[in-house]
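Take a look at the structure below.
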Amino acid sequence: MTTPDLRVLVVRNDKLGDFMLSWPALKTLKQAQADIHVTVLVPEYTASIAHCCPWVDDVIIDPGHGASRAERRHLLNRMHDKQFDAMLTLFSTPRIGWLGWRAGIPMRMAPATKWAQIFYNHRVVQRRSQSLKPEYEYNVDLALALLERLNVQGDAARPPFWPMTERSHRQGRVALAKACGLSLDRPWWCVHAGSGGSAVNLTPERYAELIEKVHARLDRPVHWLFSAGPGEDAVAASLCDRLTAKGIEACRLPASQRLSALAKMLDATDGLIAGSTGPLHIAGCLDIATVGFYPAKRSATSLRWQTCNHDDRRLAFSPPQGNDTATDMSLIDLDAASAAIADLIMRRGAYTDVHDVHEDIDD
């Protein structure tokens, strides 16, 4: 086995959505004109999905701030033993900067922000707090800056950032059809009404109202599937019951213990409606249609946390801007949102060629 030209450690060790928005940067590195071995440092929570990333060669788990002394020593030893040529920290923190320095990584790059930058010998001024571009574009800018420092030619990667094979699409759709009793010739749309505590979102009542409005505008029925994070099962079940009572076909997405299993189910659907959460950004990487609900405050706008799918597969809605309205999701115009969502659903149609899926079922 040949040795790669360069070994790069990429750090994004916070929440799921943040990690998914690093995939465009990871793809940018892997598609550069050099043999680059990419390792990611992530928390246990996102490790299963990191192992699925086609742009990642290896995964190191970060035990976090509460790690024991032995765990900290083990992490430092692993970082040292890998003999990385460079470390790219997409969100600068003192602890990781210190670890990179102690591990002897010769090139350490991060955004020029906060006092953590003292541990990095290459810094990029981004001023992310101004939220002038999507988070994933800030990440790609860092990847391109690293490639330039390494004297490697690279270009910003384009979606999809989690490409699935056509066979995988069909198999996932067959499995979901069997599990939920879904009709193959109808669009399937997933709704994730929880927030995981990471962002403000519509209330369950507003989600129900939204779906009822969308349903009334459609020229053919849709199968509505509801996903739920930890502690959100009751919300998803309640929404299903309410919509079913009104003659709208709704059911729970099968429970999954691993994020990678959730991603495979999402890939079988035609789109996802959610707040600015991890599942929304998984859907963006899969390049299925996304409808996101965001607050209007500068640090959390629909531009800053935009999904990374193609432009024509993305809708976003926010309340009016203002000190008293920026996070009041009840002010989002559901009539306007439902009209745009219904148009997107009808324009996108059903995800998979029905004949191909029937062949897989017969097999």
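The values are calculated or read from the model by the stated rules, or taken from the named source; none is laboratory data. Just so you know, these numbers come straight off a predicted model, no measurement behind them. Cβ: placed from backbone, ideal geometry, glycine included. Neighbour counts: every protein chain shown. Protein only, heavy atoms only, side chains kept; ligands, DNA and RNA dropped before computing areas. Shrake-Rupley method; radii C 1.70, N 1.55, O 1.52, S 1.80 Å.
Considering all different alpha carbon pairs of the chain, the Kirkwood hydrodynamic radius works out to 21.6 Å.
Keeping every protein chain present and rolling a 1.4 Å probe, give me the accessible area per residue for the chain in Å².
Values: 16230 Å² over 363 residues.
That works out to 45 Å² for each residue.
Taking every protein chain into account, the 1.4 Å probe leaves residue 15 with about 110 Å² of accessible area, to the nearest ten.
Label 7 Å along Cα→Cβ of residue 205; region 293-330 residues with amide nitrogen under 12 Å? Inside the label zone: 330.
Sort region 1-131 into rounded, prolate or oblate with this rule: let a ≥ b ≥ c be the square roots of the eigenvalues of the Cα gyration tensor; rounded if a/c is under 1.5, and if a/c is not under 1.5, prolate when a/b is larger than b/c, oblate otherwise. Could you put the intermediate results ahead of the total?
Details: a/c = 1.19, a/b = 1.06, b/c = 1.12.
Here region 1-131 falls in the rounded category.
Tell me, Kirkwood radius of region 234-322 from alpha-carbon pair distances, in Å? Could you put the intermediate results ahead of the total?
Working: mean 1/r = 0.0699 Å⁻¹.
Kirkwood radius, region 234-322: 14.3 Å.
Binning all Cα-Cα separations of region 221-263 at 10 Å, short to long from zero, yields these whole-percent fractions: 28, 50, 20, 1.
For region 178-236, what class follows from the C-alpha gyration tensor (a ≥ b ≥ c being the square roots of its eigenvalues): rounded when a/c is under 1.5, otherwise prolate if a/b is larger than b/c, else oblate?
Working: a/c = 2.92, a/b = 1.44, b/c = 2.02.
Oblate, because a/c is 1.5 or more while a/b does not exceed b/c.
Quote to one decimal, in nm, the extra length available between residue 328 and residue 178 on full extension: 0.36 nm per residue of separation minus the C-alpha distance between them. It would help to have the intermediate numbers written out before the result.
Details: separation 150, 0.36 × 150 = 54.00 nm, distance 3.94 nm.
Full extension of this stretch gives 50.1 nm more.
Report, in order of residue number, the helices in the chain meeting two criteria: a C-alpha extent of 15 Å or more along the helix axis, and a mean Kyte-Doolittle hydropathy of at least 0.0; treat each whole DSSP H run as one helix.
Details: long enough: 69-81 (18 Å, -1.82); 135-149 (22 Å, -0.11); 166-180 (21 Å, -0.86); 204-217 (20 Å, -0.96); 233-245 (18 Å, 0.65); 334-348 (20 Å, 0.71).
Within the chain the helices that satisfy the rule are 233-245, 334-348.
When a/c is below 1.5 the answer is rounded, else prolate if a/b is larger than b/c, else oblate, so apply that to region 88-170 with a ≥ b ≥ c taken from the square roots of the Cα gyration tensor eigenvalues. Prolate is the answer for region 88-170, as a/c is 1.5 or above and a/b outweighs b/c.
My understanding is that a pair violates if its Cα-Cα distance is over 32 Å; which of 82/114; 246/297; 30/213 do that in this structure? Let's see the in-between values first.
On the way: 82/114 28 Å; 246/297 35 Å; 30/213 43 Å.
Going by Cα-Cα distance, 246/297; 30/213 fall outside the 32 Å limit.
Between residue 82 and residue 156, how high is the FRET efficiency from 1/(1 + (r/R0)^6) when r is the Cβ-Cβ distance and R₀ = 30 Å? Nearest 0.05. All intermediate terms of the calculation are to be shown ahead of the outcome.
Values: r = 27 Å, r/R0 = 0.88.
According to the calculation, E is roughly 0.70.
With the simple spin-label model, which puts each label point 7 Å out from Cα in the Cβ direction, the residue 336 to residue 115 separation comes to 4.5 nm.
Computed FRET efficiency, Cβ-Cβ of residue 212 and residue 69, R0 56 Å: what is it to the nearest 0.05? Please list the in-between numbers first.
Working: r = 55 Å, r/R0 = 0.99.
Efficiency at R0 = 56 Å is approximately 0.50.
Given R₀ = 25 Å, FRET efficiency for residue 256-residue 59 by Cβ-Cβ distance, to 0.05? The computed FRET efficiency comes out at 0.80.
May I ask you to give the percent of accessible area on the chain that is carbon plus sulfur, with a probe radius of 1.4 Å? All intermediate terms of the calculation are to be shown ahead of the outcome.
Values: 7780 of 16230 Å².
With neighbouring chains kept in place, the figure for the chain is 48 percent.
Pair-distance distribution of region 87-132: all C-alpha pairs, bin width 5 Å, starting at 0; shares per bin in whole percent are 5, 26, 36, 18, 9, 4, 2.
Between 316, 273, 303, the Cα set farthest toward the positive side of the dipole of region 268-333 (charges on each charged residue's Cβ, about the Cα centre) is that of 303.
The gain in end-to-end length when the residue 237 to residue 5 segment is fully stretched comes to 78.4 nm, 0.36 nm per residue minus the alpha carbon separation. Per residue, the average separation of C-alpha pairs within less than 8 Å and at least 6 apart gives region 230-363 a relative contact order of 16 percent.
With +1 on each Lys and Arg Cβ and -1 on each Asp and Glu Cβ, and nothing else charged, work out how big the dipole of region 235-316 is about its Cα centre, in Debye to the nearest 20. Walk me through the numbers before you get to the answer.
Details: 10 positive and 7 negative charges, 76 e Å.
The calculated dipole for region 235-316 is roughly 360 debye.
Its Cα gyration tensor gives region 104-244 an equivalent ellipsoid. The semi-axes, each the square root of 5 times an eigenvalue, are 42, 22, 14 Å from largest down.
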